[in-house]
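The values are calculated or read from the model by the stated rules, or taken from the named source; none is laboratory data. Bear in mind that the values here come from a model prediction, so they are computed numbers and not experimental data. Cβ: placed from backbone, ideal geometry, glycine included. Neighbour counts: every protein chain shown.
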Amino acid sequence: MFLALLLLFVAALFAIPACRRLGRGAVWVLPLPFVGVAVLLGTRLPDALHEEGIRQSVPWVRGLSLDFALRLDGLSWLFAMLVAVIGALVLVHASGYFRGDSRLLGRFAALTSLFATAMLGLVLADDLFVLFVFWELTSICSFLLIGLKHEHQDARDGALRALLVTGGGGIAMLIGFVLLSQAADTSSISVLLQRGDLIRSSSLYVPALLLILAGAFTKSAQVPFHYWLPGAMAAPAPVSAYLHSATLVNAGVYLLARLHPALGVRPEWHWILGHVGAVTMLVGAAMAFGQRDLKRMLADTTIAGLGTTVLLLGIGTATALRAALVFVAVHALYKAALFMVVGILDKRTGLRDVDRLRGLGRSLPLLFLTALVAAMSMAGLPPLVGAIAKELVYEAKLGAPEAPGVLAAVGFSANALMVACAVLVGLRPFIGRGEATRVEPAIAPVALLLPPALLATTGVLLGVVHEGLMAPLIEAAVRVMGAEPATAELLADTAPTAVSWLAKGTLFAGVVLFVFRSRALAWSGVLRRGARRGPARLHDGMMGAVAAVASRVADVSTRRPVAASVAIVGVAVVVITGRALVLGGLPPFPGDRVPAAHEFVLVALVLAGAASAVFSRTPAAAVIALGVIGVGTGLLFLLLGGPDLALTQVAVDALAVLLLLLVLRRTRPVLGVRKGWLQGGLALAVGAGFMLLTWAAIPDGHLRPVSQQLSELSWPVAYGRNVVNVILVDMRALDTLGEIVVLTAAAIGVVALLRGGRQEART
């Protein structure tokens, strides 16, 4: 399992150089790491089918008893194989889609490999916090992939919206993980799932559940967080084929399936997942039916499919869990194929409008056949595997413990709309003699067409021999989710007549909706506009308000003199330190040490430098006086036993003085700040506040050297003998991280200013 992660990570590192060197030959190299991962997973399938699976771990954070643990069982094997197989096919497709642009192909391949690494780590993780690290990495990678063509405004907007929604949900989920680990007294997922009774009886169950569901719902685009997914369609078609059909959006589904044994018994789980899933299923289908853009139509049907899966997990019976897993696999196959088909149509015609595309079947017969087969699976036509998934879903809804009739009716309505969308995507662009459609010459036909054709063919193959290929894996995954399968077959004999009649009726209703689409859009459009304008408009309004407040603050702060801004900061410092001192009090004065004579001299030197800086008549003299302060402070550090701190102080101070003198040489400013009693009093108050705060930080009024303690802890705790390095990277790691962030932000700002200056000079 660690080898699989390493393969994909190395692929991400070498993807860009490989595309530059190999050119068209990259099509044969880029998918190889994904194929290698698929082969590794295939060799471990017999072990994964056992309920306990395979577990590997290495120590990670010893102080928190956290291990970097991975687990491969039936559930994680299914999702991991989807990541590997569809990732390989998407990279082949992308090599044709981005043909002639090795720069864009290299960036796509590198980010896709890194995303696949994160997604594979997410589904294999056997620790809550390891899972969270990979979870957030998928959000960052998806942000970069959605904004792959960052020169387009809609790509930047879609990427930012996706990052904000999924990132916010991730933060909530992290808090939920902390509460869940406290309730179970462990962060190990394997152990946690065995303590379901303890978790469900804890008072932390409800808040942990709500926070974890927030993360899962945002990632898997459930109402009311669904609005980010259609905006992500600004990404190129290969991105949508991978992220928004088979991997990223299924992360939330996987999390719910993984935690089902621990969280999925209490009524809160069933009520929330059932209602949210049903609403999302119906709203997504209605939005899709009213779309004209084929790509956005597929995005909305993805929302409906995710709602169906969440609803099945909310029902929670063995049949429902089996149906959910089958639907995840089937949906990934046909939806990735259809996204690729739409990408080819866009590439060949420059259009994605379903009302303008006509008669392409004669010029693109193989593409027509591929789209038709994938759309048949989406509609649930036998003998494709989509028909099996549809019947399983209906069987699960009819067997639900509560409101089976309502669930079946809602599912029938949503599925009928999905059938109509399948006809619109897979049939309508290829038939008829309507408006003439421009067709460009073939662009890498094999690389473009082979991946969706293989996915569509797989749907046919699994539909014919599903019992031998899918059934053992699905049943093993269902056992992992805490439910014993009722039969060894995917399709049971429970109410076969009702299930078959519902499936046939769905097909008929979908065809009727397609024929009378213009009339049906009258009511479908109401739902579509309401769903899209509600949360989306609220999100845009909030972002606009934040931008307006930030702009106002920036305007006020930039118009105010620098001295006034410094004064405001000084007042805030005095208020904060004063409140802390009043509440905490002061310890006895540290009188166990008498300062030496040379220390008084250095303090006098620092005070003289401060006075000179204040009363200097020229800027250069003030800067030199500041240098005197820095040197005196550095000497004090040196004499008090801090040579490394003294060296840093003197080096930084000397560099600052030099830079300031160089700036003064070019700008020649005039000291115009009025120095009065108010400014002086505020300065003294700030200095006194920090002095008293430092005094208050001394425990019991006695100074104790920390060097001996740090030296003793350096090797046992951090395995390092260089005490200074250990302090920087372990003992005060957050301080070092903050400094790195500040320096990085400053460097980015400098680069932006320099590039902006160059562009202005060119214009």
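So Ala184 fits all but one of (1) modelled with pLDDT under 95; (2) surrounded by fewer than 23 Cβ atoms within 10 Å (Cβ to Cβ); what number is the exception?
(2)
Being closer than 24 Å to Ala304 by Cβ, in a helix (DSSP H, G or I) and modelled with pLDDT under 95 is the requirement here; does Gly169 meet it? Walk me through it before giving the result.
Numbers: closer than 24 Å to Ala304 by Cβ: yes; in a helix (DSSP H, G or I): yes; modelled with pLDDT under 95: yes.
In short, yes.
Can you go through Ser201, Ser245 and tell me which one is surrounded by fewer than 24 Cβ atoms within 10 Å (Cβ to Cβ) and assigned by TED's automatic domain parsing to the domain that holds Glu151? Write out each step before concluding.
Numbers: Ser245 fails: surrounded by fewer than 24 Cβ atoms within 10 Å (Cβ to Cβ).
Selected residue: Ser201, the only one of Ser201, Ser245 that is surrounded by fewer than 24 Cβ atoms within 10 Å (Cβ to Cβ) and assigned by TED's automatic domain parsing to the domain that holds Glu151.
Take residues that are over 30 Å from Gly196 (Cβ atoms), of a type in the set (Ser, Thr, Tyr) and at pLDDT 90 or above and tell me which of the helices (runs of 4 or more DSSP H) falling wholly in the stretch 394-499 contain 1 or more.
Working: elements: 404-426, 445-464, 466-469, 471-480.
Counting at least 1 such residues, we get 404-426, 445-464.
If the requirement is being over 22 Å from the mean Cα position of the chain (by Cα), buried (at least 24 other Cβ atoms within 10 Å of the Cβ) and more than 20 Å from Thr280 (Cα to Cα), which of these qualifies: Leu325, Leu312, Leu333? Break it down stepwise before answering.
Values: Leu325 fails: more than 20 Å from Thr280 (Cα to Cα); Leu312 fails: more than 20 Å from Thr280 (Cα to Cα).
When all the criteria are applied, what remains is Leu333.
Would you mind telling me which numbered condition in (1) more than 27 Å from Ala285 (Cα to Cα); (2) at pLDDT 60 or above; (3) of a type in the set (A, V, I, L, M, F, W, C) Val511 fails?
(1)
Suppose the filter is at pLDDT 85 or above, over 49 Å from the mean Cα position of the chain (by Cα), surrounded by 14 or more Cβ atoms within 10 Å (Cβ to Cβ) and within 23 Å of Ala688 (Cα to Cα); does Val631 pass it? Write out each step before concluding.
Values: at pLDDT 85 or above: yes; over 49 Å from the mean Cα position of the chain (by Cα): no; surrounded by 14 or more Cβ atoms within 10 Å (Cβ to Cβ): yes; within 23 Å of Ala688 (Cα to Cα): yes.
Considered against the rule, which asks whether it is at pLDDT 85 or above, over 49 Å from the mean Cα position of the chain (by Cα), surrounded by 14 or more Cβ atoms within 10 Å (Cβ to Cβ) and within 23 Å of Ala688 (Cα to Cα), Val631 comes out as no.
Just wondering, is there one or more residues in the stretch 63-81 that are without any contact (Cβ under 8 Å) to a residue 12 or more places away in the chain and of a type in the set (A, V, I, L, M, F, W, C)?
Looking through the stretch 63-81, at least one residue is without any contact (Cβ under 8 Å) to a residue 12 or more places away in the chain and of a type in the set (A, V, I, L, M, F, W, C).
With (1) of a type in the set (Lys, Arg); (2) in contact with a helix residue (DSSP H, G or I) (Cβ under 7 Å, 6 or more places away or on another chain); (3) in a helix (DSSP H, G or I) as the list, and Arg156 as the residue in question, which single condition is left unmet?
(2)
Among the residues of the stretch 12-26, count how many are of a type outside the set (A, V, I, L, M), buried (at least 18 other Cβ atoms within 10 Å of the Cβ) and modelled with pLDDT under 85.
So the count comes out to 0.
Kindly provide the set of residues from the stretch 731-752 that are within 21 Å of Pro643 (Cβ to Cβ) and assigned to a helix (DSSP H, G or I), ordered by number.
Met731, Asp735, Thr736, Glu739
Can you confirm whether Ser57 is at pLDDT below 90, hydroxyl-bearing (Ser, Thr, Tyr) and over 25 Å from the mean Cα position of the chain (by Cα)?
In short, no.
Hey, can you tell me all the residues within the stretch 190-234 that are small (Gly, Ala, Ser), assigned to a loop (DSSP other than H, G, I, E, B) and touching a residue at least 12 places away in the same chain (Cβ under 8 Å)? Reasoning before the result, please.
Kept after step one, since they are small (Gly, Ala, Ser), are these residues of the stretch 190-234: 190, 196, 201-203, 208, 214-216, 220-221, 231-232, 234.
From the residues that got through so far, the ones that are assigned to a loop (DSSP other than H, G, I, E, B) too are 201-203, 220-221.
Of everything in the stretch 190-234, those that are small (Gly, Ala, Ser), assigned to a loop (DSSP other than H, G, I, E, B) and touching a residue at least 12 places away in the same chain (Cβ under 8 Å) turn out to be Ser202, Ser220, Ala221.
Name the helices (runs of 4 or more DSSP H) wholly inside the stretch 27-142 in which the number of residues that are buried (at least 24 other Cβ atoms within 10 Å of the Cβ) is 3 or more. Reasoning before the result, please.
Working: elements: 32-43, 45-48, 74-97, 102-124.
Passing ranges, in order: 32-43, 74-97, 102-124.
To keep it simple, each residue is scored yes or no on (1) among the aliphatic types (A, V, I, L, M); (2) closer than 18 Å to Ala241 by Cβ; (3) touching a residue at least 40 places away in the same chain (Cβ under 8 Å).
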position: Gly96; (1), (2), (3): no, yes, yes
position: Leu114; (1), (2), (3): yes, yes, yes
position: Thr117; (1), (2), (3): no, no, yes
position: Ala125; (1), (2), (3): yes, no, yes
position: Phe129; (1), (2), (3): no, no, yes
position: Leu148; (1), (2), (3): yes, yes, yes
